[in-house]
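Okay, so here's the structure we're looking at.
The values are calculated or read from the model by the stated rules, or taken from the named source; none is laboratory data. Since this is a predicted model, take the numbers as computed values, not measurements. Please note: Cβ atoms are built from the backbone with ideal geometry, for glycine as well, and neighbour counts cover all protein chains shown.
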Ligand code: ADP
């Protein structure tokens, strides 16, 4: 399959005086798995619907493989789609559901039979071709929906929360299956989710959306280690936010100066340290390490790891996560006891944004 790039420029969508998407630019590389991640109402589905051609934008351009599609009707865009609610035809069997887009395209019977068989093999459901859709499990239906979305070999596949109706175990299994299928077929894929773990598991890159804008577009690793704003840091993973005053010589908090990994903004900001990057200190300091004194409030054991909630001198809560190893636990006092927390400058960033 030859994958195509997608190039979106200055896309805007309003309903009355409500702005849903604002001057949005996005480039998706050929064969890339890109996820739109954001809270409910951030504009993810609207963007996907505009890409598919079901919703008209007020302004902007969308090029797929260099061709402008903004005014093109949905069926001419050659896009495969998978939704949360499957939208399969309950009265048809599996074969006919998957064959539907091929019949619409008036392909010969023999070609249809062959393509449906190939698609069923890909989603590992060959033995269910004759089964009625209403006799399938949720996971099987979702795989049929996927087979139907790829059977006509679209250059682009759009998926809107396709796994959110499944229970946790099946959802995690399907995440890996979808990822593997994408690796095998290599189609350019835009995936919508509000689940940051799902986004991190599956994506080449993630566009974090907030109020109709892309707040950050990066690889999962970069997004996690170097969040650009307070919104991204709080939406992707867990974070400690320590209020700092940024000066040319460093970020200041509680009379202490901290070094961080990224350039500092001017004035007030938030130093972000992930809970697993904090360590209990035995008192020794090494170059490049920072220290914070705190009082333990609560410890939550989670089997292999534990969470320690502690209070900084100004009462602000800070959270540390580590493995339940004996050498680590030996440094952990009872609630009420003092701890010294350490972290590397490399693992701290400063962001701005509202609390
Ligand atoms: P998400 O997929 O991130 O949850 P949506 O794209 O569904 O977000 O919605 C973004 C915003 O646009 C929401 O505030 C929603 O209420 C608004 N919206 C979506 N569709 C319509 C519509 N047809 N009419 C009016 N407002 C809409």
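When you scan the stretch 72-79, do you find a residue that is outside any helix (DSSP H, G or I), modelled with pLDDT under 90 and either in the same structural domain as residue 213 (by TED's automatic domain parsing) or within 16 Å of the ligand (Cβ to nearest atom) (or both), even just one?
Scanning the stretch 72-79 turns up at least one residue that is outside any helix (DSSP H, G or I), modelled with pLDDT under 90 and either in the same structural domain as residue 213 (by TED's automatic domain parsing) or within 16 Å of the ligand (Cβ to nearest atom) (or both).
When the stretch 261-278 is examined, which residues are found to be at pLDDT 95 or above and either within 16 Å of residue 227 (Cβ to Cβ) or surrounded by 13 or more Cβ atoms within 10 Å (Cβ to Cβ) (or both)?
Of everything in the stretch 261-278, those that are at pLDDT 95 or above and either within 16 Å of residue 227 (Cβ to Cβ) or surrounded by 13 or more Cβ atoms within 10 Å (Cβ to Cβ) (or both) turn out to be 269, 270, 271, 272, 273, 274, 275, 276, 277, 278.
Inside the stretch 183-196, can you point out the residues that are more than 16 Å from the ligand (Cβ to nearest atom) and in contact (Cβ under 8 Å) with a residue 40 or more places away in the chain?
If the condition is that a residue be more than 16 Å from the ligand (Cβ to nearest atom) and in contact (Cβ under 8 Å) with a residue 40 or more places away in the chain, then 184, 185, 186, 187, 188, 189 are the ones that fit.
List the pairs whose first member sits in the stretch 31-44 and is assigned to a loop (DSSP other than H, G, I, E, B), whose second member is near the ligand (Cβ under 6 Å from one of its atoms), and whose Cβ atoms are under 8 Å apart, counting only residues at least 6 apart or on separate chains?
Qualifying pairs under 8 Å: 38/44; 43/20.
Among (1) surrounded by 13 or more Cβ atoms within 10 Å (Cβ to Cβ); (2) within 16 Å of the ligand (Cβ to nearest atom), which single condition is residue 56 missing?
Answer for residue 56: the failing condition is (1).
If you scan the stretch 311-353, which residues turn out to be free of Cβ contacts under 8 Å to residues at least 40 places away in the same chain and either assigned to a helix (DSSP H, G or I) or surrounded by 17 or more Cβ atoms within 10 Å (Cβ to Cβ) (or both)?
326, 327, 329, listed by residue number.
Residues to consider are 207, 165, 149, 199; find the one that is within 16 Å of the ligand (Cβ to nearest atom), more than 16 Å from the chain's Cα centre (by Cα) and either in contact (Cβ under 8 Å) with a residue 12 or more places away in the chain or surrounded by fewer than 19 Cβ atoms within 10 Å (Cβ to Cβ) (or both).
Of 207, 165, 149, 199, the one residue that is within 16 Å of the ligand (Cβ to nearest atom), more than 16 Å from the chain's Cα centre (by Cα) and either in contact (Cβ under 8 Å) with a residue 12 or more places away in the chain or surrounded by fewer than 19 Cβ atoms within 10 Å (Cβ to Cβ) (or both) is 165.
Give 24, 51 a once-over and let me know the one that is assigned to a strand (DSSP E or B) and within 16 Å of the ligand (Cβ to nearest atom).
So the residue among 24, 51 that is assigned to a strand (DSSP E or B) and within 16 Å of the ligand (Cβ to nearest atom) is 24.
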